[in-house]
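Scroll down for the structure; my scribbles are underneath it.
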Amino acid sequence: MDAHAHEHPNSSPPVAGLLAQFASPEALRAAAAAVRAAGWTRWDVHSPFPIHGIDRAMGLRPSPLPWLVLGAAVVGVVLALAMQLWMNGIDYPLIISGKPLLSLPTSVPIMFELGVLLAAIAAFVGAIALGGLPLYGHPVFFSSRFSRASTDGFFIFLAADDQRFEPISAQALLRSAGAVSVETLQVDEASGRVPGGLYWILATAVVLALLPPVLVTWYRTGPKSNPRIHLIQDMDFQEKYRPQSASPLFADGRATRPTVPETIPQGRLQADEHLYTGKVAEQWVTTFPMQPTAAMMERGRERYGIFCTTCHGLVGEGGVSGITSARAVKRREPNWVLPLSLHTQSVREQPVGQLFHTITHGVRTMPALGAQIPAEDRWAIVLYVRALQRSQNATLDDVPEPIRSQLRPVSP
Amino acid sequence: MSNTTGAEKQTLLPATTAGAAAALLVVGLAGMACAAALEYGRGDQWRYFLHSYLVNFCFFTSLSLGALFFVLLQHVARAGWSVTVRRLAELLAANVVVMLVLFVPLAASVLAGQGTLYPWAAPHTAAADHAIEQKQAYLNPTFFVVRSVGYLVVWWLTARYLLRLSLRQDESHDAALTLSMERFSPLALILLVVTLTFASFDWLMSLWPHWWSTIFGVYYLAGAAVGFVALLIIFTVLLERAGPLTDQVTAEHYHDLGKLLLAGVAFWGYVAFSQYLLIWYANIPEETAWYQPRHGGPWGWMSLGLLAGHLALPLVGLLSRWPKRNRLSLTFWAVWLLVMHWIDLYWSVMPAYDPHQPPWALSDAFCLVGMGGVYLGALIWRCRGRSLVPLGDPRRQEALDFENY
Amino acid sequence: MTTLALMHDDNTANDPQRRAPLVIGPQTDETVTDSVCRVTEEVRTPRAWFVALVVSAALTAVFFGTIGYLITTGIGVLGNNRPVMWAFPIVNFVFWIGIGHAGTLISAILFLFRQQWRTAINRSAEAMTIFAVICALIFPGIHMGRIWVAYWMAPYPNQMALWPNFRSPLMWDVFAVNTYFLVSAMFWYLGMIPDLATLRDRATSRLRHSIYGLLALGWNGSARQWQVYERAYLLLAALATPLVVSVHSVVSTDFAVAQLPGWHTTIFPPYFVAGAIFSGFAMVVTLMVPARAYFGLKHLVTLRHLDNVNKIMLATSCIVAYSYAIELFIAWYSGHSHERFVHLNRAFGPYAWTYWLMVACNVLLPQLFWLKRCRTTPWIMFLIALAVNVGMWLERFVIIVVSLSRDYLPANWAMYYPTLIDVLMLLGSFGLFFTLFLLFCRYLPMVAIWEVKHVLPREEVNHGRTRA
């Protein structure tokens, strides 16, 4: 094998390097020390398992991997802490199960996990990248003998691009270091080139992988004659009758059953037209169905605070004074309509019956709240709204005489 | 394999140490006397003294327990690397017999039925408190003393047995003795962990008779392990300089002991955090009662100090390879953690005396020096004339050859 | 001749003066490589393996079939109902995560403890870990109902401007289990690269050469590669060790931060970790006892390895027993009537049989491992390991279902019964697990070849490396 190398030292194809095999790890270590002592730089040792002390024999510098891993761990820990504090404590502060907003003990598990995760990724990627992997081709792979390197072969490879490379002396060096055999490896033009078919396979795979999302996006945007692909079911289709649908079960073919004639469901009797509709004889009422009291006003203030302030604000001026509205505006929600002020002329002129009706059934974008608020409470809210309206359009006459002296003039 | 000749004489303590042992004993007794004298003037029926005494009692007991745990673990794992430092642990473990004597004041206080240390020990407290009354079958003075003495005797006998076999092996070099110890150790380990758990319940947890935590025994064990490894490192460094361990330990031993110290610190942190997180999160009043005094004010600062000093700083400090192989830096961390382990126990006990702030007093120092003097004096006395390395252990050569990579 | 063979077969004797060999017979680098690679290179499909694969694949089909049924129909197909809202799926989740703890324990913790016997079993245990974690990850996902919005658990900016609630232990779980899966997978694959290169170099067909070549990433065993590789392996082990402890601790906080008696107790984190290791090692024995015999690896995965595994099972069994005992004692000691009731209910309530079966499987039976004969006889340890698998599954059932079925409000008490779907899903998850494991056995190196070579008796390389 080595005699063959001697015959054509300078003929093409050019020489990639010399590959020498050794009998044992111990011999390999000694040889590595010898090659290092000869001052070589472009060379390496190949073995089926790590040989301790070989890095020292070769003069390899310690790998920077630990620092990389430590850095990644610190980044992970800091990132996790910042993420949790910012998301749960600052950006969307919400008290949950009595835990503080900036809650350190509960942040510890994820800080730990993320630190470990990033550190492990750094170790993994670092091991592959610093090890020069993935490596498509290498001259040693063209030696038939080298397939033993992953079983029980111990090799030294001297690369031809080392400044000291000179076939004869290099051979001699390896021989004197105890090589069992030395082989000259030629540069193979085909080596290191990825076969073209692989690119085609990869490209096809990418295209195929992209197809489903593209199709889904195409079907979900723009008008189509067919129903859209309903990817996320969210219990939208259930085995039940929707309102006004047909059913063969009943003679009239309707799934929705009418109430039994001459009956009213329990607790649904709403005989008092004034109290429940805010109208009498199709006309808005202008009086309350009950006698307004201080307790009713207080109830109205409380209910208003619960149901109305999020949109209309504490004083009812609408716009961005309610927190929902303020948030929507801050987030530039495109479909958000600003709630009306309750102090405009038109609202102030509405009879109380109409205000009651608006709360009950909603108007324009305002939702109907009749189902959530009992009628008596709705009237209480109307009473409080009236009070608010008066407060915003008050004159000096509205202020009781004894406390007028406490008023301070407001600069315009 | 057994080229042990010539090493035999060098592994003994120098003859001058007998005087040192006696001096330490005298200093110890004097310290205790001073502490008692100082506390006599306080006139609180020894209440402060007993609390301070309990801190130190648990501290020195934990060192012996950590040693016993270590010895048993080495036998269970059939470890080779640790052979040359195992004798120190065996001697430390056997020294637990001193604690049997030092338990007398605690026993006396509990039997006196005043409840000066443990509230449940006073009959009137128990009668007035339904929760304590329910536990009377367990928490009563007689049973408490019987149990405590039982634990101490079990530990002493276990340690004594192991030390004896090991000493006998010094002479005979008989490998069968190693097998005996290895057969004995698993059961003894189980016995140790169970007794240690109940000891921690009795001595520390029952200071708050309403409070409970299932992990408490593991917490005390973790602290004991840290304290013991720290002490072992200090002893090894000193004895390597002084002679008995020269040529018996290498940088590899320090490296491994450093790893154990690091592991102990991490384990302590894990256990302490588990206990805190679960109680803090569930926020059940009868459980949070234990953390309440430690959560704010001066005790809160001490809690944070423990978090930093007993966990964060040593974890970072011991992470790399070189601080574990360098004797100086390793000794620094060992001393540091020994102090932290003492503070941990102080932090566990003293809020029972004063829930508002650490009640430091001069007698604390005297009590520590006193008990430390007695403990160390007895230890040195115990070491006299005995090889500080198990010369006959068949795996001694393995320990000397070992190399971390 | 037979006596000689017998002597060679037994490396379990304990001689303090000499560490026992970790391989049986005169083994060289070549014979080790051969015996491991032969399993994947056998051209004829092994019959028993094929039958097992078909059965497992059928069960896997059942698994995915029931999952499809559950997704299209709704979680009403499970037996979960008030008050037992966490039942089979979470029991299975904790069970599988527990199984998944042995692999990393063997690879990482035993590596740090320099237990060289790990080398013959770490690869298959790691594979087992990854497959178990895959099974585990499926259960909480499908149990939540709308699996298609599982991505809501990720903290990404969304139009609702909402973030996950990081103060919930369930979110910790998401991070812990996924981290564990990724780290285990990286550790496994990294460890396999040199062995994949061995398979590549031995490949006779172009297809095998291409596939293993692709997977081996061009590994050529150079010292520069080995240097950074070993460093990374050590670092991953050092990272995986606290990770493996953290994962089951986080799983335990799913229960322990609650105020439910039977769930809330401070020993849960270490107790869960010990239980996980216990069950994981039982699964290692369950898999390795048949595998080493069937694939002819008895000389590499020796009785000494199994002996050691069984000792660890015994130790963790004792830790689990300790936790049971301390929980019982503290339940009494606390004087808390609900705490006391929970334990009485476990032992004497309507589910008492699960409790006593659990105690028998987890505490009593493993005590047989005190006897060396039981630790070194394959069929005995196989049966005990099976019992432990059952027992550890029951432990989670007792903790989760039995505690929930009778909580603070007697008016709210109810029995839980699994549906057929529940049972099929549990069986199906075993199908998935065994399918993946069988494929692994046949197509990937089952034993870490380079690591075993590392510990072969080899006089002239490091003296310290021939120890058990």
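The values are calculated or read from the model by the stated rules, or taken from the named source; none is laboratory data. It should be emphasised that the depicted structure is a prediction, and the values quoted were computed from it without experimental measurement. All Cβ positions, glycine included, derive from the backbone under ideal geometry; neighbour counts span all protein chains shown.
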Report task. Pick out the one residue from A:122, A:172, A:129 that is farther than 18 Å from residue C:227 by Cβ and of a type in the set (A, V, I, L, M). Result -> A:172
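Counting just the residues of segment B:212-221 that are assigned to a helix (DSSP H, G or I) and at the interface with another protein chain (Cβ under 10 Å from one of its Cβ atoms), which one comes out surrounded by the most Cβ atoms within 10 Å (Cβ to Cβ)?
In the first step, residues of segment B:212-221 are kept if they are assigned to a helix (DSSP H, G or I); the result is B:216-221.
When the remaining residues are screened for being at the interface with another protein chain (Cβ under 10 Å from one of its Cβ atoms), the result is B:216-219.
Details: B:216: 23, B:217: 25, B:218: 30, B:219: 23.
Within segment B:212-221, the match that is surrounded by the most Cβ atoms within 10 Å (Cβ to Cβ) is B:218.
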Report task. Could you tell me whether any residue of segment C:440-462 is at pLDDT below 90 and of a type in the set (S, T, N, Q)? Result -> yes
Query raised in the report: Taking segment B:267-304 as the region of interest, how many residues are out of contact with any helix residue (DSSP H, G or I) (no Cβ under 7 Å at 6 or more places or on another chain), within 14 Å of chain C (Cβ to nearest Cβ), small (Gly, Ala, Ser) and touching a residue at least 40 places away in the same chain (Cβ under 8 Å)?
Result: 1
Requested in this report: Report those helices (runs of 4 or more DSSP H) wholly inside segment A:266-344 carrying at least 1 residues which are of a type in the set (Gly, Ala, Ser).
Outcome: A:294-307, A:323-330
Query raised in the report: Is it the case that residue B:319 is within 10 Å of chain C (Cβ to nearest Cβ), part of a loop (DSSP other than H, G, I, E, B) and either exposed (fewer than 13 other Cβ atoms within 10 Å of the Cβ) or of a type in the set (A, V, I, L, M, F, W, C) (or both)?
Result: yes
Query raised in the report: Which residues, taken from segment C:368-424, are over 19 Å from residue C:346 (Cβ atoms) and of a type in the set (S, T, N, Q)?
Result: C:376, C:377, C:389, C:419
Requested in this report: Could you please give the count of residues in segment B:30-41 that are of a type outside the set (A, V, I, L, M) and touching a helix residue (DSSP H, G or I) at 6+ places or on another chain (Cβ under 6 Å)?
Outcome: 3
Query raised in the report: Which one is nearest to residue C:390 (Cα to Cα), of the residues in segment C:302-331 that are facing chain B (nearest Cβ under 8 Å) and of a type in the set (Val, Ile, Thr)?
Result: C:326
Report task. Give segment C:195-221 a look and list any residue that's at the interface with another protein chain (Cβ under 7 Å from one of its Cβ atoms) and surrounded by 22 or more Cβ atoms within 10 Å (Cβ to Cβ), or say none. Result -> C:197, C:198, C:201, C:219, C:220, C:221
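I'd like to know if segment A:106-122 contains one or more residues that are β-branched (Val, Ile, Thr), at pLDDT below 85 and either within 21 Å of residue A:31 (Cβ to Cβ) or not in a loop (DSSP other than H, G, I, E, B) (or both).
No, every residue in segment A:106-122 fails to be β-branched (Val, Ile, Thr), at pLDDT below 85 and either within 21 Å of residue A:31 (Cβ to Cβ) or not in a loop (DSSP other than H, G, I, E, B) (or both).
For residue B:344, state whether it is under 23 Å from the mean Cα position of the chain (by Cα) and of a type outside the set (A, V, I, L, M, F, W, C). Working first, answer last.
Values: under 23 Å from the mean Cα position of the chain (by Cα): yes; of a type outside the set (A, V, I, L, M, F, W, C): yes.
Judged against the criteria, residue B:344 is a match.
For segment C:148-172: of the residues being more than 9 Å from chain A (Cβ to nearest Cβ) and in contact with a helix residue (DSSP H, G or I) (Cβ under 7 Å, 6 or more places away or on another chain), which is modelled with the highest pLDDT? Please lay out each step first, then the result.
First, pick out the residues of segment C:148-172 that are more than 9 Å from chain A (Cβ to nearest Cβ): C:150-154, C:156-158, C:160, C:170.
Keeping just the survivors that are in contact with a helix residue (DSSP H, G or I) (Cβ under 7 Å, 6 or more places away or on another chain) gives C:150, C:153, C:170.
Numbers: C:150: 84, C:153: 85, C:170: 90.
Going through the qualifying residues, I end up with C:170.
Here's the yes/no breakdown for (1) under 43 Å from the mean Cα position of the chain (by Cα); (2) at pLDDT 90 or above:
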position	(1), (2)
A:261	no, no
A:286	no, yes
A:293	no, yes
A:297	no, yes
A:311	yes, yes
A:315	yes, yes
A:330	yes, no
A:347	no, yes
A:350	no, yes
Report summary line: Of the residues in segment B:77-133, those that are surrounded by 21 or more Cβ atoms within 10 Å (Cβ to Cβ) and within 14 Å of another protein chain (Cβ to nearest Cβ) come to B:80, B:81, B:82, B:83, B:86, B:120, B:126
Report summary line: residue C:414: passes all of (1) closer than 28 Å to residue C:134 by Cα; (2) in contact with a strand residue (DSSP E or B) (Cβ under 8 Å, 6 or more places away or on another chain); (3) not in a helix (DSSP H, G or I) but (1)
Query raised in the report: Restricting segment A:123-158 to residues that are under 30 Å from residue A:74 (Cβ atoms), part of a helix (DSSP H, G or I) and not β-branched (Val, Ile, Thr), which is farthest from the other protein chains (Cβ to nearest Cβ)?
Result: A:129
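In segment C:20-46, what count of residues is obtained for those that are at the interface with another protein chain (Cβ under 10 Å from one of its Cβ atoms) and without any contact (Cβ under 8 Å) to a residue 24 or more places away in the chain?
The qualifying residues number 3.
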Query raised in the report: Is at least one residue of segment B:22-32 in a helix (DSSP H, G or I), farther than 30 Å from residue B:349 by Cβ and modelled with pLDDT of 80 or more?
Result: yes
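Tell me, yes or no, whether segment A:188-206 has at least one residue that is surrounded by 14 or more Cβ atoms within 10 Å (Cβ to Cβ), out of contact with any His (no Cβ under 8 Å at 6 or more places or on another chain) and of a type outside the set (Lys, Arg). Give the derivation first.
Of the residues in segment A:188-206, the ones surrounded by 14 or more Cβ atoms within 10 Å (Cβ to Cβ) are A:188, A:191.
Within this subset, residues satisfying the condition of being out of contact with any His (no Cβ under 8 Å at 6 or more places or on another chain) are A:188.
The next check asks that each one be of a type outside the set (Lys, Arg); those that pass are A:188.
Yes.
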Query raised in the report: Which one of A:86, A:43 is modelled with pLDDT under 85 and more than 7 Å from every other protein chain (Cβ to nearest Cβ)?
Result: A:43
Query raised in the report: Conditions: (1) within 14 Å of chain A (Cβ to nearest Cβ); (2) of a type in the set (S, T, N, Q); (3) free of Cβ contacts under 8 Å to residues at least 12 places away in the same chain. Residue C:17 meets all but one. Number of the miss?
Result: (1)
Query raised in the report: Is there a residue being part of a helix (DSSP H, G or I) and within 8 Å of another protein chain (Cβ to nearest Cβ) anywhere in segment A:94-104?
Result: no
Query raised in the report: Is segment C:94-101 home to any residue that is away from chain A (no Cβ under 14 Å), of a type outside the set (Phe, Trp, Tyr), farther than 28 Å from residue C:303 by Cα and buried (at least 24 other Cβ atoms within 10 Å of the Cβ)?
Result: yes
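Can you find a residue that is facing another protein chain (nearest Cβ under 9 Å) and in contact with a helix residue (DSSP H, G or I) (Cβ under 8 Å, 6 or more places away or on another chain) anywhere in segment B:249-260? Spell out the reasoning first.
Applying the first criterion (facing another protein chain (nearest Cβ under 9 Å)) to segment B:249-260 yields B:259.
Now drop any that are not in contact with a helix residue (DSSP H, G or I) (Cβ under 8 Å, 6 or more places away or on another chain), which leaves B:259.
The answer is yes; a qualifying residue exists.
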Query raised in the report: If you go through segment B:197-211 one residue at a time, how many are hydrophobic (A, V, I, L, M, F, W, C) and either part of a loop (DSSP other than H, G, I, E, B) or within 11 Å of chain C (Cβ to nearest Cβ) (or both)?
Result: 6
